[in-house]
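Working notes, beginning with the structure itself.
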Amino acid sequence: MSVIVPNKIINTAKHNKIINENGTSKKLSFLKRISPKNGINALSLSLSSLCSADCIFCPAERGQRISTKFMPFAYVEKIVNEIASRDFSRFHNIEVISVSANGDGFLNKEIIKILRLIKKRGPHIKVVCFTNFRSFTKDKIDIVLREKLIDNIGCNIDGASAENYYQVKRTDYKVVKEHLLYFIKLRRRLWRDVPLLISALTLYDYVYSIRKGLGITPLKTPDIDVSNITDDFELIKQEYMQILDHPKDHILRTPVRGWAERKQINPASINYSQYICPLMDSISRAAFIAPDGTWYACCWDGNNELELGNVIEESVHRVFLSDKRIMLLQYLENREFAKINGPCVTVNCCQALSCN
């Protein structure tokens, strides 16, 4: 487990300064007077650390460190009640809640109950979800659309054929496509304004981007004959553009990241001055919560290595002000990735890669 060891922080919220090891103080540029304008504006709940797919672009060890695989309803209730409180709104303004961080939320058996709670306690909050549609079954689609429980849906269609899709995701495209088409059809029949974003990360894109950008062969594709790979993005786009509702729906290429390849990277070979954290804004304003209540660094901290606190053992607001979180932001801002440990030591894997 990686641990961030911060310097001593004195009354951060009030004085906005950090006391360094040599006794000198320094203003924190990322933390001003706390108000809804610079407090938390997004909550990313990992309702499940499991997924029915095994994508080549996701780390094999994702979610293994957290023994609690599904976030209990009571945990969600505690978090939602806090963010809906008047005291919390003095400092923060939650605009968006994601219910699909670091796993497939629809594997959580209490997903519908959780969505109803969020809508009841935070009717002004936009609820977003990213799913592969395998576990987003027809009965759940019916309830979600009829009760308007989700405001925005995203999914990956990473192959134009069942064979190509399986090579990327190791799961059945037939079931996924059946559920996705049912969603589109029912949404149209119920006149629901729920935008759908289809992302596509093809086998060609991933293999060639990793080879070109990182100079390695992807861990999960050692037996792929790269000479026979063709890019089928245009075929995916051609099929789904005909059935999507424009202009609210979109289909886009997914940028390739190397977070699944971190084990192959030697941190000693990285020139950290060349990189910035591409999620700095999100880390500054969003809370990423694992199924057991752990606030972890970001959505690319796939194994929840960088623990900043636990919002079940203490409040969301207190973890927001915690020494570990403040120091994480300081290190990221200064590009001191080696001091953070965990996934940040391979920050090159967080950058967008291209095979073009």
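The values are calculated or read from the model by the stated rules, or taken from the named source; none is laboratory data. No experiment lies behind these values; they were computed from the predicted model shown. Here the Cβ positions follow ideal geometry from the backbone for every residue, glycine too, while neighbour counts run over all protein chains shown. Ligands, DNA and RNA are excluded from the accessible area calculation, which covers all protein heavy atoms including side chains. Shrake-Rupley method; radii C 1.70, N 1.55, O 1.52, S 1.80 Å.
When the Gaussian network model of the chain links Cα atoms closer than 10 Å, the mean-square fluctuations of Glu305, Glu336, Glu239 top out at Glu239. If R₀ is 41 angstrom, what is the calculated FRET efficiency for the pair Ser273 and Lys148, using the beta carbon separation as r and rounding to 0.05? E(calc), rounded to 0.05, equals 0.30.
Assuming R0 = 25 Å, what is the FRET efficiency of Asn228 and Lys263, from their Cβ-Cβ distance, to the nearest 0.05? The computed FRET efficiency comes out at 0.40. Working from label points 7 Å from Cα in the Cα-to-Cβ sense, the Thr171 to Arg318 distance is 3.6 nm. Under the shape rule built on the C-alpha gyration tensor, where the axes satisfy a ≥ b ≥ c, segment 97-222 is prolate, since a/c reaches at least 1.5 and a/b is greater than b/c.
Rounded to the nearest 20, the Cβ-based charge dipole of segment 89-151 about its Cα centre (Lys and Arg +1, Asp and Glu -1) stands at 220 debye. Against the compact-protein benchmark of 2.2 N^0.38 Å, the Cα-based radius of gyration of segment 287-353 scales to 1.11. If the segment from Met241 to Glu333 were pulled out straight at 0.36 nm per residue, it would be longer than the present Cα-Cα gap by 29.1 nm.
Per-residue ellipticity at 222 nm from helix content only, as computed over the chain with -39500 (n - 2.57) for each DSSP H run of at least four residues, stands at -8500 deg cm²/dmol.
Once you order the gyration tensor axes a ≥ b ≥ c over the Cα atoms, which shape class does segment 112-164 get: rounded for a/c under 1.5, otherwise prolate or oblate by comparing a/b with b/c?
Note, shape of segment 112-164 comes out prolate.
Can you bin the chain into rounded, prolate or oblate? Criterion: square roots of the alpha carbon gyration tensor eigenvalues sorted a ≥ b ≥ c, rounded for a/c under 1.5, prolate for a/b above b/c, oblate for the rest. Note, shape of the chain comes out oblate.
Taking label positions 7 Å along the Cα-Cβ direction at both Ser282 and Ser89, the computed distance is 2.8 nm, reported to one decimal.
Taking all protein chains as they are arranged and a probe of 1.4 Å, the heavy atoms of Lys220 leave approximately 50 Å² accessible to solvent. With a Förster radius of 41 Å applied to the beta-carbon distance between Ile112 and Asn38, the computed FRET efficiency rounds to 0.75. Charge dipole of segment 231-317 (Cα centre as origin; +1 on each Lys and Arg Cβ, -1 on each Asp and Glu Cβ, all else neutral): 280 debye, rounded to the nearest 20. Averaging the sequence gap over all C-alpha pairs within less than 8 Å and six or more residues apart, then dividing by the number of residues, gives the chain a relative contact order of 23 percent. A crude spin-label estimate for the pair Ala60 and Arg121, with each label 7 Å from Cα along the Cβ direction, gives 3.9 nm.
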